[in-house]
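Chemist: Before I ask anything, here is the structure I am working with.
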Amino acid sequence: METINEDLVTRTELARVLRVSRATTYSWQRDPNFPKPIVIGPRTTRFRAAEIREWLANRPVMGVS
């Protein structure tokens, strides 16, 4: 998996690094623990990379037996 090195990342970059679709990132936003995007402009949002890393570190592992 790639790492997130930037301070702010786009939804597309986030999806690529985490190997999920952009639609999945929208689904994750329904989770109250998922980091909220920063609104930069009317059609521009970014995520704080540090918050994404923290969310990943504290997220329960699913489907592992």
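The values are calculated or read from the model by the stated rules, or taken from the named source; none is laboratory data. Computed from a predicted model, the values in this text were never measured in an experiment. Every residue, glycine among them, receives a Cβ derived from its backbone with ideal geometry; neighbour counts consider all protein chains shown. Areas reflect the complete protein model, heavy atoms only, side chains present, ligands, DNA and RNA absent. Shrake-Rupley method; radii C 1.70, N 1.55, O 1.52, S 1.80 Å.
Chemist: Residue by residue through segment 44-65, note down the ones that are exposed (fewer than 10 other Cβ atoms within 10 Å of the Cβ) and in contact (Cβ under 8 Å) with a residue 12 or more places away in the chain. Before you say what the answer is, go through the steps one by one.
Modeler: Going residue by residue through segment 44-65, those that are exposed (fewer than 10 other Cβ atoms within 10 Å of the Cβ) are 57-58, 60-65.
Passing the criteria: only Asn58.
Chemist: Among the residues of segment 1-43, how many are open to solvent by 50 Å² or more (accessible area, probe 1.4 Å), free of Cβ contacts under 8 Å to residues at least 24 places away in the same chain and either of a type in the set (Val, Ile, Thr) or in a loop (DSSP other than H, G, I, E, B) (or both)?
Modeler: 15
Chemist: Select, from Thr10, Thr25, Thr44, the only residue that is touching a strand residue (DSSP E or B) at 6+ places or on another chain (Cβ under 7 Å), among the β-branched types (Val, Ile, Thr) and modelled with pLDDT of 90 or more.
Modeler: Numbers: Thr25 fails: touching a strand residue (DSSP E or B) at 6+ places or on another chain (Cβ under 7 Å); Thr44 fails: touching a strand residue (DSSP E or B) at 6+ places or on another chain (Cβ under 7 Å).
Sole residue among the options that is touching a strand residue (DSSP E or B) at 6+ places or on another chain (Cβ under 7 Å), among the β-branched types (Val, Ile, Thr) and modelled with pLDDT of 90 or more: Thr10.
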